[in-house]
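*Asks:* Just dropping this structure here.
The values are calculated or read from the model by the stated rules, or taken from the named source; none is laboratory data. Keep in mind the model is a prediction, meaning the values are calculated, not measured. Virtual Cβ from ideal backbone geometry, glycine too; neighbours counted across all protein chains shown.
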Amino acid sequence: MKKILLITAVGTLFSLGSCKKTWTCECTGTSNGVSSTLSATITDTKKNATEACTSGAAIPGTGSSASCTIK
C-alpha cells in the first residue's frame, strides 16, 4: 500500500511540473534608430514557450535583430 501511494505521489509531481501556463514573451529591438518593446502571451509549457519566444516566432516581424526573453 505504501508503494502505491509513493508511486502515485511521484507521478503527480511530475505531471504538475509539465503543465501549461501563461508566459509573457518580451522582445526589445532597434529599427532605424528607434528602440521599441513588444510583448506577446504564450500558453504552453515553459520549455516550449521559451523556444517560441527566443526564436522570434511568438511575435512576427521581430526577426533576429530583437532580443526576446520569457517572463
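*Asks:* Please find, within the stretch 57-71, the residue that is modelled with the lowest pLDDT out of those that are farther than 18 Å from Lys20 by Cα and in contact with a Cys (Cβ under 6 Å, 6 or more places away or on another chain).
*Replies:* Ranking the qualifying residues of the stretch 57-71, first place goes to Thr62.
*Asks:* Quick one: would you say Cys53 is modelled with pLDDT under 90, in a strand (DSSP E or B), closer than 15 Å to Lys71 by Cβ and of a type outside the set (D, E, K, R)?
*Replies:* no
*Asks:* Something else about it: Can you tell me which residues in the stretch 33-50 are modelled with pLDDT under 85 and not in a strand (DSSP E or B)?
*Replies:* Gly33
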